[in-house]
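Okay, structure first, notes after.
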Amino acid sequence: MIMSIAAIAIAALVTYIWLIRGFFSAFIHLIATIFAGAVAFAAWEPASYFLLEKGGSGVLGSSAWAIGLAVPFAVSLVLFRALMDGILRANVVVGRIADYVGGGGCGLGAGIITSGIVVLSLGFMRLDTELWGYKPIEYAPNGSIVRGDKLWVPTDRMVAGLYGHLSQNAFRTPNALAEYYPNLAEVGEVGV
């Protein structure tokens with residue numbers, strides 16, 4: 001339950017921030033967030049393996065998969081925003097209603113991506129299997145793995161689906177995320 005509330009709170013906060021800043025700014029941030037997510041998933045495995053090698057069995061090593069996703073996302077989002085703010089120096093005002101509606105919609109998209117990446121990153125932490133009341137994978141009495149809970153707003157599954165789809169289409173690579181991690185939202189709970 002706490003994880004569901006946290007996921008909704010992150011998405012709502014990002015939505016509100018960009019709703020009040022207007023459609024154009026929110027749209028630019030949404031584009032930056034989409035690209036930052038793509039960079040994060042592209043850098044995720046190499047960064048995680050690097051951290052595993054350097055961290056060994058310590059805290060860094062046990063958090064490598066989480067840090068390997070979260071840090072590239074945060075760093076690339078800051079860099080993309082700085083780049084776009086440097087290129088596009090002025091905001092465009094399209095009208096009060098359009099600014100709120102468009103800003104809210106784009107802010108919601110950026111909020112869902114941000115929330116999903118945070119939830120996925122937390123899932124890769126080597127913590128209790130029921131993190132904050134969220135247990136997407138459970139073990140049946142016979143020992144088999146079964147799907148468990150979903151978030152109230154499944155931002156982790158939305159983001160995994162979005163970038164899995166993009167990895168086979170617009171951001172196509174020979175090693176598509178969707179092929180290697182078809183159930184990415186559940187990978188952290190089972191183990192990478």
Filter result (surrounded by 12 or more Cβ atoms within 10 Å (Cβ to Cβ) and either among the polar types (S, T, N, Q) or without any contact (Cβ under 8 Å) to a residue 60 or more places away in the chain (or both)) within the stretch 174-186: Ala176, Ala178, Glu179, Tyr180, Tyr181, Pro182, Asn183, Glu186
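For Ala110, indicate whether it is touching a Gly at 6+ places or on another chain (Cβ under 8 Å), touching a residue at least 24 places away in the same chain (Cβ under 8 Å) and in a helix (DSSP H, G or I). Can you show your working first?
Details: touching a Gly at 6+ places or on another chain (Cβ under 8 Å): no; touching a residue at least 24 places away in the same chain (Cβ under 8 Å): yes; in a helix (DSSP H, G or I): yes.
Judged against the criteria, Ala110 is not a match.
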Conditions first: (1) over 30 Å from Leu108 (Cβ atoms); (2) surrounded by 16 or more Cβ atoms within 10 Å (Cβ to Cβ). Ala43 passes all but one, so which condition is the exception? (1)
Sole residue being open to solvent by less than 50 Å² (accessible area, probe 1.4 Å) and touching a strand residue (DSSP E or B) at 6+ places or on another chain (Cβ under 7 Å), chosen from Met84, Met3: Met3
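Could you count how many residues in the stretch 94-104 are open to solvent by less than 80 Å² (accessible area, probe 1.4 Å) and in contact (Cβ under 8 Å) with a residue 12 or more places away in the chain?
Selection size over the stretch 94-104: 6.
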Qualifying positions in the stretch 152-177 - aromatic (Phe, Trp, Tyr) and closer than 19 Å to Ser4 by Cα: Trp152
Restricting attention to the stretch 149-160, does a residue exist that is of a type outside the set (D, E, K, R), open to solvent by 60 Å² or more (accessible area, probe 1.4 Å) and over 18 Å from the mean Cα position of the chain (by Cα)? no
Does Gly107 satisfy being at positive phi and surrounded by 15 or more Cβ atoms within 10 Å (Cβ to Cβ)? no
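In the stretch 60-81, how many are more than 15 Å from the chain's Cα centre (by Cα) and crowded, with 19+ Cβ neighbours inside 10 Å?
Number of matching residues: 3.
Name the single residue, out of those in the stretch 141-192 being in a loop (DSSP other than H, G, I, E, B) and among the hydrophobic types (A, V, I, L, M, F, W, C), that is modelled with the lowest pLDDT. Write out each step before concluding.
At the first step, the residues of the stretch 141-192 found to be in a loop (DSSP other than H, G, I, E, B) are 141-144, 148-154, 169-176, 181-183, 191-192.
Subset that is among the hydrophobic types (A, V, I, L, M, F, W, C): 151-153, 170-171, 176, 192.
Numbers: Leu151: 86, Trp152: 89, Val153: 93, Ala170: 87, Phe171: 85, Ala176: 83, Val192: 50.
By that ranking, first place goes to Val192.
The values are calculated or read from the model by the stated rules, or taken from the named source; none is laboratory data. Keep in mind the model is a prediction, meaning the values are calculated, not measured. With ideal geometry, Cβ positions are generated from the backbone for all residues, glycine too; neighbour counts draw on all protein chains shown. These accessible areas exclude ligands, DNA and RNA; they are computed on the full protein's heavy atoms, side chains included. Shrake-Rupley method; radii C 1.70, N 1.55, O 1.52, S 1.80 Å.
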